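Have a look at the structure below before the remarks.
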Amino acid sequence: MASGLLVNAYLAVVARNLTPAEYGYFGAFWSLSLLIGFGAFLPVEQELARLSPNTAMRAATRVALGLAAVELLLVAAASPLLLDPLGGEPWAVVAVAALCLVSAGQFLVRGALIGSGRLAWHGGLLVVDTALRVLFALGLGYAVVTDSAGFAWTLVAAIALAHLPLLLTLPRGAGEVSTSDFLRSLLPLLFGSVCAQLLLNGLPVVVAATATDSDTAGRFLAAFLLVRVPLFVAVPLQTALLPSLTRLAREGGRTLVRTLVKLTAALAALGVLGAVFAALLGPWLVRLVFGASYVLAGGDLALMAVGVVAHLGLITTTQALVASALHAEVARAWLVGIASAAAVFALVPDLLLRAELSFLVGSGLGWITGVLLLITSGEDSRARRPRHRVDLLRALRVRADQLRQGRR
């Protein structure tokens, strides 16, 4: 919770030191940073936490470095296209490239801490990271820096300073898990994770690139970031759910499904309350946090709030699929989400409305798909069990008949 609040404080400090237009450019960088970090390296964290750093650290490190190299090549190739949404700042593009490297270390550290059971260290690290971001942003504001590229480097510096020194303390591991096995299990999660980040963080980049008025992109980003405060807590901590969900999965598919059904009902009620709160108090809260220049209607904020609740459900459901070792189903759920979001964005004419509806519809349909996949996979496994029992009984009867005939 403290980490989520500090992230929002960091974004508020940046917004108050930039114009809405410049903040729109920073928002594009922020979204790219999440796509680069969570999109590529969260699966590394998840698999490292699931398999334990004592057995998978070497494989995870090799895969993370390989992903960082691929990302660097993609950033270099796409650098002319990145300049426009980043405000034409070459140093912002360099900051994006730097994040490819520091994010690899960031998620290796986090996965190792969770996999070794040091959850308190993991939570403390998140707080230190976000606190450093706030301090660096305040320092730039005090120095009267007014361009988005300067604030982009506060994110790079905070992640590097908080995480990279801890790489020296991680276990080297005996290397029982091969790099090829680790990568093979990672690929479906990687596909799903990229889709997840495109759904959650691709919108601000697309809005910044397609908006005819740069102030509109800044206002959208400010409101979207404020409404997403619960996700600032849930997304970094989603890997920490894996041990508990794995235990439920081992107890039986029905136990896990019942838990998710209860959670779905609770989230639905939360969505109704969140929409009412966002519609009534959201516009005032956005102006309070980000300043008087950031104005958006209550209806826009209500749609965003419901979308956030649906996204929370999607995150939890996909973690349940990971815990059940249904990695391919994770990719399918996120694929449905990103495909439906793209369709809505293409069909709805108004820029803000299509951004809000694409996030809501994509998250909602992805959530429903994930729940259905979990239920049907559980039913399939239960349907297979009686056949196995029948086959076993038949084999025992045949063996008993053979023994009786042998005695005769």
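A few remarks follow.
- Selection within segment 99-137 - surrounded by 17 or more Cβ atoms within 10 Å (Cβ to Cβ), of a type in the set (Gly, Ala, Ser) and over 30 Å from Gly150 (Cβ atoms): Gly111, Ala112, Gly115, Ser116
- Of all residue pairs spaced 6 or more apart or on separate chains, those with beta-carbon atoms under 7 Å, a first member in segment 337-358 that is outside any helix (DSSP H, G or I) and a second member that is of a type in the set (A, V, I, L, M, F, W, C) and surrounded by 18 or more Cβ atoms within 10 Å (Cβ to Cβ) are Val348/Leu357.
- Comparison of Val70, Val75 shows that the only residue that is β-branched (Val, Ile, Thr) and in contact with a helix residue (DSSP H, G or I) (Cβ under 7 Å, 6 or more places away or on another chain) is Val75.
Quick note: the coordinates plus some simple rules give every number you see, no bench work behind them. A quick note: this is a predicted structure, and the numbers were derived from the prediction, not measured. Ideal geometry is used to build each Cβ from the backbone, glycine not excepted, and the neighbour counts take in all protein chains shown.
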